[in-house]
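Chemist: Questions regarding the structure given below will be posed in turn.
The values are calculated or read from the model by the stated rules, or taken from the named source; none is laboratory data. Model, not experiment: these values are computed from the prediction. Neighbour counts run over all protein chains shown; Cβ positions are idealised from the backbone, glycine included. Quick note on the areas: whole protein, heavy atoms, side chains included, nothing else; ligands and nucleic acids left out. Shrake-Rupley method; radii C 1.70, N 1.55, O 1.52, S 1.80 Å.
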Amino acid sequence: DLSLRRIDDGLRVRAEVLQTLPQAMLDAQELRRTVGGVHAAGIFAADGSVVVVCEDIGRHNAVDKAIGHCLLRGIALADKVLLCTGRLSYEMVMKAIRAGFPVLASITVPTSLAVNLAVAYNLTLVCHLRGERMTIYAHPQRVAL
């Protein structure tokens, strides 16, 4: 896709920080505590601080809300991590690349097309992010172990 640009190297995130993000996102999920059954997308600084957490019944909508929140406020994304609760599809990876995130993570799994796109555009893809476990599917150079 000619409208996508390869992600620049530069950002490094410690594995220990990545491992804290799912709980930080869970702690910020007010709608989930109230009614359950919703997806979330969180944007985090490399030190693990929360920029924004958005919730929606749809995983794509949660991501769109989080990215939109930052774009409307002029918050740069090239030094941030995007964390999702749902499966990472080709389209989710495309959104992350288009927004300029260097790291996309999920507590669940990616599709094979999502992995291929992440590899092609230099996006670090971290999935199965639960507790002390994670699987880095693409560009592990940004994760400091």
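Chemist: Name the single residue that is nearest to A144 (Cα to Cα) among those in the stretch 1-21 being in a helix (DSSP H, G or I) and either open to solvent by 30 Å² or more (accessible area, probe 1.4 Å) or of a type in the set (D, E, K, R) (or both). Steps first, answer last, please.
Modeler: Filtering the stretch 1-21 down to residues in a helix (DSSP H, G or I) leaves 15-21.
Filter once more, keeping what is either open to solvent by 30 Å² or more (accessible area, probe 1.4 Å) or of a type in the set (D, E, K, R) (or both): 16, 19-20.
Details: E16: 9, Q19: 12, T20: 14 Å.
My answer is E16.
Chemist: Which residue pairs have Cβ atoms closer than 6 Å, lie 6 or more positions apart in sequence or on different chains, and pair a first residue in the stretch 98-123 that is more than 20 Å from T85 (Cβ to Cβ) with a second residue that is in a strand (DSSP E or B)?
Modeler: Matching pairs, first to second residue: V119/A138.
Chemist: Restricting to the stretch 46-69, count the residues that are touching a helix residue (DSSP H, G or I) at 6+ places or on another chain (Cβ under 8 Å) and under 12 Å from A99 (Cβ atoms). Before you say what the answer is, go through the steps one by one.
Modeler: Start the filter on the stretch 46-69 by keeping residues that are touching a helix residue (DSSP H, G or I) at 6+ places or on another chain (Cβ under 8 Å), which leaves 46-48, 50-56, 59-60, 63-64, 67.
Imposing the further condition that a residue be under 12 Å from A99 (Cβ atoms) reduces the set to 63-64, 67.
Total satisfying the criteria: 3.
Chemist: In the stretch 23-38, which residues are under 20 Å from R87 (Cβ atoms) and either outside any helix (DSSP H, G or I) or of a type in the set (A, V, I, L, M) (or both)?
Modeler: M25, L26, Q29, L31, G36, G37, V38
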